[in-house]
Structure formats: C-alpha cells, structure tokens
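Heads up: the structure comes next, in structure tokens.
The values are calculated or read from the model by the stated rules, or taken from the named source; none is laboratory data. On a predicted model such as this, the values are computed, not experimentally measured, just so you know. No Cβ is skipped: glycine too gets one built from the backbone with ideal geometry, and neighbour counts run over all protein chains shown. Ligands, DNA and RNA are stripped out before the accessible areas are found, and what is left, the full protein with its side chains, is counted by its heavy atoms. Shrake-Rupley method; radii C 1.70, N 1.55, O 1.52, S 1.80 Å.
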Amino acid sequence: LQWLKPPGPSLRIHRVPRWPSAHRAQLPLAHHSSQGKGMAERAADQRRVLFCFPAASGHLNPSLPLARCVVEAGHQAQYLCSEPMRGAIEDTGASFHAVESAMPELYSSRQADLIGAMGSLQEEHGVTDGFFITWQKFSAMHLELQLPGMLRVLQHWAPDVVVYDPVLCAYAAVGASLLKIPSVALLTFAGPGAREPEWRAFLEESRLSFGEADSELKHFEPHVAAVRRLKDAYGIDCPLGLRRPLGKLETLALSELTLVTTAEHLQNPLSREMAAAYQAEGARFEYVGALLDRPGARRAGTHKEHGPGTGPARENPTPASSRAPCPNDPSQDAVVASVAAARAAKRKVVLVSMGTIITGDTGAWCWHSRALDADGKPRGLTGREICHAAWAGTFDAFGADRAESGPLVVISVGPQKDPLGELAVPPNAICVPCVAQVDVLRAGVDVFLTHGGQNSMMEALSQGTPLVVCPGTGDQITNGGKAVRLGVGKNIDRPDPVLGSEMAAAHAYRNDVCKALQEVLSTPSYSEEAAGCARLLARTGGVPRAVDLVLGTAEGWHKAAGRGGA
C-alpha cells in the first residue's frame, strides 16, 4: 500500500515532523460511549475511521451514511467538524469533536468555522477583496494554522484511515500524509472536472485576469511568509501564485482514492490539461453515485452563524409516535406522511428547496447579500429576493384554494426569522425550515425546484425526479446547464440587474419559474430522461460500495503497518 503518493508539481511534502509530547497533551481526550470501546480496548479487527468535514451541509451529509455503516459494522468513527453539525453527526453513532477546540492556533481569537475564521483573517490583515481572491490569499495561512491541531488529533487518535472533504478540509490529507496515514477524499461535486468552470466563474466575478490574480498572490506578503514557514516547518512546497490547472484539487494526489458522488457518465467533462495533471499524479477516482442515508436519518441542514436563530435548521427531535401527520406540523415525519398521503390520493407533489447557501447568512451569496460590480457597488438580487420570487412563482403555478386541491407543494424555507415575509401561502402548501429531502424524494415527487447543488441533483435523479434548476453560484450554474443537456429539466439563470431594476428582474424571474414548473410537470420526456439517470446511478454501488472502499483502505494500511488484526 502506498501511504504517500509521488508528489505533484504544486504541493510537495518532504519530511515528517516529530512533535513533542507536550503538544499531544493539549488535546482533550475523546469520549467513546456511543461506540462501546475506547481506543485501548478495541478488538483486533476493529478499525478507526476519522472523518474531517466542514460546517457545510452539502459537503458533510454524504459522509453521514458512511459513518453510520462504519459504526454498525463494529468499527470506531470520529468526526472533526463544527458545533452546528453535532446533532447530525452523533445520530450516526460517531463521536463528535469540535474543530475549533482542536485547532486553537486558528480559532482561539477568531470566528467559528472555516468561513468565519477567514473573515477574521481578512479584518486582521485589512483585506477587502471578494471571496475568490481572499480564499487564495489566506489558503497557506489557513493550512499553517490548522496543521498543528490536525497533527495532534492524528497522533492522539491514531486512525487507520482519514475520510475528508478535499475542497474545504485539505489540512486533513496533508496532516495524514505527513504521518503516513492513508486518506480517502469524498468529492461532493460532479467529478474532478467540476471545479474548473466554477473557479473560472469566480475569477470572472473578481474582475481580474489570471495574471492579475496571480500577481496579487505573489505580492501579498502574509501569504508569501506563510508559504515560507510551511516549507521550513514541514517541508511542504506550496505555490506562491495561482494554481494551474485552475480548480485542481492538490490533495487528491496525497490520497489513496477519491470517492465521487456521481456516475462516471454523469460527471462534468475534464479539460485536457486537468486530465493530464491528475493522470500524472496517479489520482484514483471511484464513482459511487448518490450516498443516501436510511429513511428517517438525521441530516445537517442550513444554519445561521450569527444573530437570532443561530444554529442549524434540523428536524424536530420529538418522538415520531407523538407527531400528528398534518400539513401544519413542521416535523419531518409529518411532512413525509403528507407526501405519502398525497401520492396515495393520486395527487402531484412539488418539492422546492433553494439550498443552504442562499437561505443562510454566510458568504457573498446569502440571504441579505448582493453581488458587487467592478467598482465595488452592489448589484443583482439578494438571496431573500431570489427565494421570494421562486416561491411566489411556485404558488402561481400550483396554488389552490383548499389544502386537498391541486398538487401538494412542499417548500424548505431555511432558518431565517419570518422567511416568507408578506408572501401569501396557499392552503395546499407546506412551508417548513428544513425538509427531510431524501425521504420526501423517496416518497414520490413529480417535479423538484432546486438550487442545483450536487447532492440535490444526485438525490433527485437517483429517484427519477425531473428538475427545475434555479442556480445561485459555483457548481450550481454548471449543474443547471447539465440538467438541460440531459433533458431532465429546465434551468433559470439567476438575475443580475443593476441597482434600481431589482423589482422588474424579480417579477420576470417569478414568471419564468412558474412557466418552467408547469412545463416540466406536464411534459413526460423530462421524467423519462430522469428515470434513465436513476438506472445509471443504481449501478454505481452507493453507500455499500463506498464503505467497502473506505474500510478496504483502512485494512490495507493496518496490515502493511503491522498493527495486527485479521
């Protein structure tokens, strides 16, 4: 088993540092009551799996069924994540550990979670750039501040394999490679080619050319100094400038394999440059499709980081036996029961979810934010205006005067206080903060209005559900175009009006949503093409295959390291 693959041209690791015992003592001891055995007591054939994921539900949720299966198979699962995700993580039987406590070098005097800490660093260094350039400027500094805690965690827990998010938790793969522990990346995008168009779009939004952005990085002294310190402390060579190919995930070369949450035939195309780069590094991709948890399993939802209502929008913890399955009950079981009842009554079901970013309060594309033009002036619609137009368009298309009439409309409205505002909700609509999306899709949905996130796309297509995609940012835009090319739905681009034209743009967007929903619901070809995608995804192996790959990696490491066991 190769523990550390040959380094690629952009990220090289030369040596393993030796950490004194004083550093290890700083890490709080873990609790293992949910798994029955402490580290010292584990059986010879028991494996330890460490999951490292951000406080981003789209990145975290596909890992949860893997952890659940790992625990149920008698192994240990640990999570390093942020507090808002604790409930969903502990529901799997895994042990939760707050990344903020494990990494005081980054978080002790800064905001919680990765995005919050980046905002704090921006303030410390007086940086006012947009998201993309800011992320590049602080990537090396983030890694430098994350690695000491990550290495303490790895040395204390001694996992057999690390499963991590390669987009936001690169530190996990770097730390594992430094200590020669194998890692498995879980890529919740439409393949390794999905990042390239997303990053090009981010670069365009920054109003900088590649050369200009590259020059800014190379002349940002805090970044240059962090790159130098990483080299001196760990032997890591990080690039000073912008990486090529744009959007390439450097840590995949450090991992034994990458699990990709799509089918190979549904992935985004790779550019020749990107394909050659990954091939040269020996990156291995395994397409495992939609990673769907069992019915009733708890998932992470959108959450507010600041202000009233802070915390995740998640299901009501009230026991299912005490819930009444009526449209006015916001519990998840009640919503699923209402969908099942509507299907039994031969009614159509329409599901609407605009995702966790646009309904949350993090980043430049959230509930209250507008994009900025080249002069730094706000433009476009806020997340609130986008959601209100989409929800109103749905009500225009399917609203009825009685709860039992017309299609049943289910809308996930997110965690904001009074998210619907003055919108008139028809009696046949259920509006709740967070929907058990997979369970509702399994119960039967005739059309799904979605923001086009990768998880939502795969979850819907795995059930043969046609789509109307209202993308906000990032890979959502590419996924919206893909829905059209596959013939599984319609795409409605996010409006970008100049300041003063918001009302007209929102009204037009509302009309477009209404027409698209009606067309997809009434045109059989969309459902037929979606059913074809469901057949493709069914052949990928899903959760069982992904778990086998993870535990197989752990087993190989265990044997090669001579740590005993079968």
- Any chance you could count how many residues in the stretch 494-509 are farther than 17 Å from Thr450 by Cβ and touching a residue at least 12 places away in the same chain (Cβ under 8 Å)? 10
- Message: Between a residue in the stretch 71-83 that is free of Cβ contacts under 8 Å to residues at least 24 places away in the same chain and any residue that is among the aromatic types (Phe, Trp, Tyr) and part of a loop (DSSP other than H, G, I, E, B), which pairs come within a Cβ distance under 6 Å, given they are 6 or more apart or on different chains?
- Response: none
- All-but-one check, Arg243 against (1) open to solvent by less than 10 Å² (accessible area, probe 1.4 Å); (2) under 18 Å from His142 (Cα atoms); (3) at pLDDT below 90, failing number (1)
- Message: Condition (residue is crowded, with 24+ Cβ neighbours inside 10 Å, at pLDDT 95 or above and not acidic (Asp, Glu)) applied to the stretch 497-511: is it met by at least one residue?
- Response: yes
- Message: Looking at the stretch 476-495, can you tell me whether even one residue there is more than 28 Å from the chain's Cα centre (by Cα), open to solvent by 20 Å² or more (accessible area, probe 1.4 Å), at pLDDT 95 or above and among the polar types (S, T, N, Q)?
- Response: no
- Query: Among the candidates Gly93, Gly87, Gly74, which residue alone is under 21 Å from Arg299 (Cα atoms), assigned to a loop (DSSP other than H, G, I, E, B) and open to solvent by 10 Å² or more (accessible area, probe 1.4 Å)?
  - Reply: Gly93
- Item | Selected residue [surrounded by fewer than 21 Cβ atoms within 10 Å (Cβ to Cβ) and touching a Pro at 6+ places or on another chain (Cβ under 7 Å)] from Leu168, Leu187 | Leu168
- Look through the stretch 176-213, keep the residues that are of a type in the set (D, E, K, R) and part of a helix (DSSP H, G or I), and return whichever of them is farthest from the chain's Cα centre (by Cα). Glu212
- Tell me, yes or no, whether the stretch 385-402 has at least one residue that is at pLDDT below 95, in a loop (DSSP other than H, G, I, E, B), touching a strand residue (DSSP E or B) at 6+ places or on another chain (Cβ under 9 Å) and open to solvent by 20 Å² or more (accessible area, probe 1.4 Å). no
- Considering every residue within the stretch 418-427, establish whether at least one is touching a residue at least 60 places away in the same chain (Cβ under 8 Å) and of a type in the set (Val, Ile, Thr). no
- Query: Within the bounds of the stretch 96-116, is there any residue that is of a type in the set (Gly, Ala, Ser), touching a residue at least 12 places away in the same chain (Cβ under 8 Å), within 20 Å of Gly175 (Cβ to Cβ) and buried (at least 24 other Cβ atoms within 10 Å of the Cβ)?
  - Reply: no
- Task: Determine the pairs where a residue that is closer than 16 Å to Gly126 by Cβ, located within the stretch 209-223, has a partner that is part of a helix (DSSP H, G or I) and open to solvent by 40 Å² or more (accessible area, probe 1.4 Å) with Cβ atoms under 8 Å apart, the partner being 6 or more residues away or on another chain.
- Result: Pro222/His125
- Looking at Gly93, is it over 21 Å from the mean Cα position of the chain (by Cα) and on the phi > 0 side of the Ramachandran plot? no
- Item | Residue check for Gln146: at pLDDT below 95, in a helix (DSSP H, G or I), touching a helix residue (DSSP H, G or I) at 6+ places or on another chain (Cβ under 9 Å) and more than 27 Å from Lys559 (Cα to Cα) | no
- Message: When you check Trp157 against the structure, is it free of Cβ contacts under 8 Å to residues at least 60 places away in the same chain and aromatic (Phe, Trp, Tyr), yes or no?
- Response: no
- Scanning the stretch 452-470 for residues that are surrounded by 24 or more Cβ atoms within 10 Å (Cβ to Cβ), part of a loop (DSSP other than H, G, I, E, B) and more than 13 Å from the chain's Cα centre (by Cα) gives Thr465, Pro466, Cys470
- Subset of the stretch 403-420, residues open to solvent by less than 30 Å² (accessible area, probe 1.4 Å) and among the small types (Gly, Ala, Ser), comes to Ser405, Ser412, Gly414
- Query: What is the one condition in (1) farther than 20 Å from Gly282 by Cβ; (2) open to solvent by less than 30 Å² (accessible area, probe 1.4 Å); (3) among the acidic types (Asp, Glu) that Glu196 does not satisfy?
  - Reply: (1)
